[in-house]
Structure formats: structure tokens, C-alpha cells
Amino acid sequence: MGFIFSKSLNENMKNQQEFALMNARLQLERQLMMQNEMRERQMAMQIAWSREFLKYFGTFFSFAAVSLTAGAIKRKKPAFLVPLVPLSFVFIYQYDLGYGTLLQRMKDEGLENYGLWAAHLFLKIKFYWNIDMPIHC
């Protein structure tokens, strides 16, 4: 008689464990999807901000380029064109960020660096089969 009750209890416990495991996997999967979506939204916001900033900075850069070029021609001093060098670097950077592939390159390099960092940590971990072996890093 007790065997019948314990058998059904064991089956119930096994079913509950399977259900809990399935729920944990589903929750983890949803969390990973949400994290990925939030990361994509942040990247989209960064691109949108960069494009908006580029509109204003592009206007300023154009005005400065025309004014400084006119001043350099009128006064016959090419030194007026020197401020255009750093301004052009900022303009090119913002253009690449907003309309180019800068974010993708940054993402790829970040994943590459993370992979190197994770591999470095993995090599430093002492596993039970290599506790006596020295670590050379």
C-alpha cells in the first residue's frame, strides 16, 4: 500500500521538477531576448542621437568652413584654415557613427576583446584534473 503512494509521489515530484526546469529555461530565454532587444534599442538610440547631432554640427562646420576659407582668402593667411582640421575629424567621426559602420566595427571589436578576456579567464581557472599543473600566462 505504501509503495503505491510513494510511487505516485515520486512521479508527481518528477513532473514538478521537469515543469520547474522547463519554466526556468523559458524564463532565461525570455530574459536573454529582452536583454538583446534592450541592447538593440540602445544602439538605435545612439545612432539617432548621432544623426541629430550631425545635423547641427554639420551646419556649424559648413558655416565655419565657408567663413574661415573666406577669411583666409581675404587676408591671405592660410593659418585661418587650421581650425578646420580638428573640426573635420569630429565631423567625419560623427558621420561614420550615424551613417557608416562605426557601431558595427565597435561591436565586433568588443566581442573579440570579450572573447580574449573570457579565454584568459578560462586558462586561469584550476580544474580538478590540473590542480597540480602550473599556470603559464
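Worth pointing out:
- Rounded FRET efficiency, nearest 0.05, which uses the C-beta distance separating residue 79 from residue 45 and R0 of 41 Å: 0.55
- The packing ranking of peptides 29-35, 43-49, highest mean first, is 43-49, 29-35, where packing means the average number of other beta carbon atoms within 10 angstrom of each residue.
- Loop-located trypsin sites (Lys or Arg not before Pro) in region 48-119 (DSSP state not H, G, I, E or B) with no more than 15 neighbouring Cβ atoms inside 10 Å: 76.
- Share of carbon and sulfur in the accessible area of region 1-122 stands at 67%, probe radius 1.4 Å.
- The string of couplings for region 89-101 from the Karplus curve (6.51, -1.76, 1.60, θ = phi - 60°) is 5, 5, 4, 5, 4, 5, 5, 5, 5, x, 10, x, 10 Hz, one whole number per residue in order, with x for Gly and Pro.
- Each 5 Å bin from zero holds the following percent of Cα-Cα pairs in region 34-74: 6, 21, 13, 14, 10, 10, 8, 7, 5, 3, 2, 0.
- The local environment of residue 67, defined by Cβ-Cβ distances under 13 Å, has a net charge of +2 under the rule Lys, Arg +1 and Asp, Glu -1.
- With Cα atoms as the point set, region 1-128 shows a radius of gyration and Dmax of 29.6, 108 Å.
The values are calculated or read from the model by the stated rules, or taken from the named source; none is laboratory data. Bear in mind that the values here come from a model prediction, so they are computed numbers and not experimental data. All Cβ positions, even for glycine, are placed from backbone atoms using ideal geometry, and neighbour counts span all protein chains on display. Please note that ligands, DNA and RNA were not included when accessible areas were found on the heavy atoms of the full protein model with its side chains. Shrake-Rupley method; radii C 1.70, N 1.55, O 1.52, S 1.80 Å.
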